[in-house]
1. Taking segment 54-72 as the search range and keeping residues that are assigned to a strand (DSSP E or B) and among the hydrophobic types (A, V, I, L, M, F, W, C), which one is farthest from residue 144 (Cα to Cα)?
2. Return a yes/no flag: does segment 125-140 have any residue that is of a type in the set (Gly, Ala, Ser), surrounded by fewer than 17 Cβ atoms within 10 Å (Cβ to Cβ), assigned to a loop (DSSP other than H, G, I, E, B) and under 15 Å from the mean Cα position of the chain (by Cα).
3. For segment 73-96, give me each residue that is over 15 Å from residue 133 (Cβ atoms) and either part of a helix (DSSP H, G or I) or among the hydroxyl-bearing types (Ser, Thr, Tyr) (or both).
4. Looking at this structure, is residue 87 of a type in the set (A, V, I, L, M, F, W, C), out of contact with any helix residue (DSSP H, G or I) (no Cβ under 7 Å at 6 or more places or on another chain) and in contact (Cβ under 8 Å) with a residue 24 or more places away in the chain?
Amino acid sequence: MAGSNRGKLVTAFAYPTRVEVRRPKFERSASLAYIDAAKLSRAARAEFEVGHYDAERCRKTVLAIVRKGVVTALRVQGCAECEPVRLTPERQALLRLARRRIGGRRPERFRPMPVAQFVRRAAALRSIGECHEVCFITIWGYDLCWFCCDLHGHPSCSVVIHPTFPPVTR
């Protein structure tokens, strides 16, 4: 699996086929610097972008949900090109195995907090929750990947297909 922009390789193991787990990079939203926390603290309902995780062809945006001036939850919004994956028991078992292999722990539960406090903390964020790209090495020049994010103990996954080799440019 070529391509350094696909995130840092965390682990690889055999599970009938070779599986590689990568950690995509989290980027904070540039708009966080311009958020008016005083106005949002008076809002009954609002959402704002905190940042995003990028895989090669998929971007998962992390949104903060505001209710009555308090950030009550975080939500992952998938990309338009990504196809959601239903997590069957077999797929959940593979994700648990991948989490064990990387020494992953469950992401800590999000605790509601006032908007002003959340915005101050968001300026120093390196990541939110836990996102991984789990790729199966396949034949015919493509890898099948699941791009999964777990914010509140409920992973949401999407299918992403990557070419195994980067395109040749002349």
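Every number in this text was worked out from the coordinates using simple rules, so none of it is lab data. Given the structure is predicted, the values throughout are model-derived calculations rather than measurements. Positions of Cβ are generated from backbone atoms using ideal geometry, with glycine treated the same way; all protein chains shown enter the neighbour counts.
1. Of the residues in segment 54-72, the ones assigned to a strand (DSSP E or B) are 54, 59-67, 70-72.
Next, from what is left, pick out any that are among the hydrophobic types (A, V, I, L, M, F, W, C): 62-66, 70-71.
Working: 62: 23, 63: 27, 64: 30, 65: 32, 66: 35, 70: 39, 71: 35 Å.
Filtering segment 54-72 for residues that are assigned to a strand (DSSP E or B) and among the hydrophobic types (A, V, I, L, M, F, W, C), the one farthest from residue 144 (Cα to Cα) comes out as 70.
2. We begin by selecting, within segment 125-140, every residue of a type in the set (Gly, Ala, Ser); these are 127, 129.
Okay, now just the ones that are also surrounded by fewer than 17 Cβ atoms within 10 Å (Cβ to Cβ), so 127.
Right, trim to assigned to a loop (DSSP other than H, G, I, E, B) and you get 127.
Filter again for under 15 Å from the mean Cα position of the chain (by Cα), leaving 127.
Yes, segment 125-140 has at least one match.
3. Result: 88, 89, 90, 92, 93, 96.
4. Details: of a type in the set (A, V, I, L, M, F, W, C): yes; out of contact with any helix residue (DSSP H, G or I) (no Cβ under 7 Å at 6 or more places or on another chain): yes; in contact (Cβ under 8 Å) with a residue 24 or more places away in the chain: yes.
Considered against the rule, which asks whether it is of a type in the set (A, V, I, L, M, F, W, C), out of contact with any helix residue (DSSP H, G or I) (no Cβ under 7 Å at 6 or more places or on another chain) and in contact (Cβ under 8 Å) with a residue 24 or more places away in the chain, residue 87 comes out as yes.
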